[in-house]
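The next block holds one structure in the form of structure tokens; read it before the comments.
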Amino acid sequence: MANQNPPIPITDPEAQEITPTTLAPSTPAAATGFSAKVVANKVKGNLVFHSKWAELNGAMGDLGTYIPIVLALTLARDLNLGTTLIFTGVYNIITGAIYGVPMPVQPMKSIAAQALSDTSFGVPEIMAAGILTGGVLFVLGVTGLMRLAYKLIPLSVVRGIQLAQGLSFALTAVRYVRKVQDLPKSKSLGDRHWLGLDGLVLAIVCLCFIVIVNGAGENKSRGCCDVVGSDDDDLGGQKRVESDDRNSRSRLRKVIFSLPSAFLVFVLGVVLVFIRRHEVVHEIKFGPSSIEVVKFSRHAWKRGFVKGAIPQLPLSILNSVIAVCKLSSDLFPGKDFSVTSLSVTVGLMNLVGSWFGAMPSCHGAGGLAGQYKFGGRSGGCVALLGAAKLLLGLVLGSSLSHILKQFPVGILGVLLLFAGIELAMCSRDMNTKEDSFVMLICTAVSLVGSSAALGFICGMVVYVLLRLRNWTRDKPLSTIWMQKSPGQV
């Protein structure tokens, strides 16, 4: 009768919306007989919506990063937008089913930056860089080397990388809002006008609307569930009227604070696309883009490795695997993540899709923070986004670029701003002066040098020097690296 025991739910203490996980039967025979059912139940649980509007809203949290990069590469380097949407949509659905959290799928930023700055770095070089980067990450995952790196890299250095990435997103977002952008050339053209369908006033109104609805990111809106009433029939009519007024205000606050702010702002941007340029309707062609295998030359492999994969690898290891794993553990304590699985999934995404012209992709701490900020709590959040990408890729294909080209960049800047701030706020758990010092050194070098790898190296050097300095205080060597007290050894 061992198999008749009720399932034990495992929930996230910080976010009650997290899906419970059911333990598998303990006996080998039962485990074999019900393995398919257990997997199916786990996938179903990972994809279930816990709050439909919140999950829909959370799906918008990553678009401030995704749209500008993909659109710029489509216009400047003839990236196949339809193929990219189809493959990244499938990635979103699969990762949502596997992890059960809003695990993002983002373009590889270093490769994208190289392609936009170098006219000779075309689609074959981009895809070669993605395949090589994915291959290295896959090997690091299956061999266990990524797990070793995760254990050795101190939290203060990871927080420094996260803070630098978050501030970088926020600074880019402010530039999107304040300046007119030429996305294919990644250049600012001048100050944005106050009025207009992509003006400063529009961006400021959207920003204020999101702040009013979402606040600073509280899990629950303060006072939205507080119903003030009275059981004393002798208080009189005036007391009952005051109670009714408070109840009405409470209900109004609850309605306002539950609005899907990011989704409404994105829908507003789509509506403005057709208002700004009605002719875009005639430029839309229905049907998927043709998916073809990319032809590579030896020169493309060489340039892809030297100028694409080598600069991308440190960023992918730190921000797409290690930082995402730590951030996931912070946001979803009830979920079990491993750097091995994250490294393998990033590797497989690029080892498959890049051969067919899909933009090299990875996970990203910024995307996860943005989706969490706007209410994403389950894998259903990114699965919904993936289904939308897949549908758009199959129905509209690359002609979707005509619509995205008219999308108000100021609104994208607002969405990106909140994603960056949410990621940067993860560094607030650095409570000691020593940890904060290492984190800020890492952040400063990463921002000024525009290189996460350089910031990581400097942060590790400073961390080691501080540990050696502590060693001179007659502490045992075993207490230095992992900051254990002598009593714990």
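The values are calculated or read from the model by the stated rules, or taken from the named source; none is laboratory data. Predicted model only: the values in this text are computed from it and were never measured. Note that each Cβ is placed from the backbone with ideal geometry, even for glycine, and that neighbours are counted across all protein chains shown. These area figures cover heavy atoms from the full protein model, side chains too; ligands, DNA and RNA do not enter into them. Shrake-Rupley method; radii C 1.70, N 1.55, O 1.52, S 1.80 Å.
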Which of the residues spanning segment 370-396 are buried (at least 23 other Cβ atoms within 10 Å of the Cβ) and either touching a His at 6+ places or on another chain (Cβ under 8 Å) or small (Gly, Ala, Ser) (or both)?
GLY370, GLY375, GLY376, ARG377, SER378, GLY379, GLY380, ALA383, GLY386, GLY393
So which residues in segment 160-206 are among the β-branched types (Val, Ile, Thr), part of a helix (DSSP H, G or I), over 30 Å from MET439 (Cβ atoms) and touching a Leu at 6+ places or on another chain (Cβ under 7 Å), if there are any at all?
VAL201
Some residue of segment 121-138 being part of a loop (DSSP other than H, G, I, E, B) and in contact with a strand residue (DSSP E or B) (Cβ under 9 Å, 6 or more places away or on another chain):
no
Name the single residue, out of those in segment 418-465 being surrounded by fewer than 21 Cβ atoms within 10 Å (Cβ to Cβ) and hydroxyl-bearing (Ser, Thr, Tyr), that is nearest to LEU318 (Cα to Cα).
SER451
If we keep just the residues of segment 245-269 that are open to solvent by less than 50 Å² (accessible area, probe 1.4 Å) and under 29 Å from PHE87 (Cα atoms), which is modelled with the lowest pLDDT?
PRO260
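Yes or no, residue by residue, for (1) at pLDDT below 95; (2) farther than 18 Å from LEU416 by Cβ; (3) open to solvent by less than 10 Å² (accessible area, probe 1.4 Å):
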residue	(1), (2), (3)
MET60	yes, no, no
GLY64	yes, no, yes
PRO68	yes, no, yes
THR74	yes, yes, no
MET103	yes, yes, yes
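Return the residue satisfying two criteria in turn: it lies in segment 277-319 and is of a type in the set (Val, Ile, Thr) and in a helix (DSSP H, G or I), and of such residues it is least open to solvent (accessible area, probe 1.4 Å).
Within segment 277-319, the first condition is being of a type in the set (Val, Ile, Thr), and the residues that meet it are 280-281, 284, 291, 293-294, 306, 310, 317.
Now restrict to residues that are in a helix (DSSP H, G or I): 280-281, 306, 310, 317.
On the way: VAL280: 0, VAL281: 80, VAL306: 80, ILE310: 84, ILE317: 41 Å².
Result: VAL280.
Could you say which residue among VAL294, VAL352 is touching a residue at least 12 places away in the same chain (Cβ under 8 Å), out of contact with any helix residue (DSSP H, G or I) (no Cβ under 7 Å at 6 or more places or on another chain) and more than 27 Å from SER168 (Cβ to Cβ)?
Details: VAL294 fails: out of contact with any helix residue (DSSP H, G or I) (no Cβ under 7 Å at 6 or more places or on another chain).
Exactly one of VAL294, VAL352 is touching a residue at least 12 places away in the same chain (Cβ under 8 Å), out of contact with any helix residue (DSSP H, G or I) (no Cβ under 7 Å at 6 or more places or on another chain) and more than 27 Å from SER168 (Cβ to Cβ), namely VAL352.
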From the list VAL180, VAL201, which residue is more than 15 Å from LEU417 (Cβ to Cβ) and in contact with a Gly (Cβ under 7 Å, 6 or more places away or on another chain)?
VAL180
All positions within segment 72-111 that are part of a loop (DSSP other than H, G, I, E, B) and of a type in the set (S, T, N, Q):
ASN80
With farther than 25 Å from THR88 by Cβ, hydroxyl-bearing (Ser, Thr, Tyr) and in contact (Cβ under 8 Å) with a residue 24 or more places away in the chain as the only criterion, which of SER188, SER168, SER156 stands out?
SER156
Restricting to segment 163-185, name every residue that is of a type in the set (A, V, I, L, M) and in contact with a strand residue (DSSP E or B) (Cβ under 7 Å, 6 or more places away or on another chain).
VAL180
Qualifying residues in segment 329-369 (those that are in a helix (DSSP H, G or I), open to solvent by less than 10 Å² (accessible area, probe 1.4 Å) and out of contact with any Leu (no Cβ under 7 Å at 6 or more places or on another chain)) - the one farthest from SER398 (Cα to Cα):
VAL339
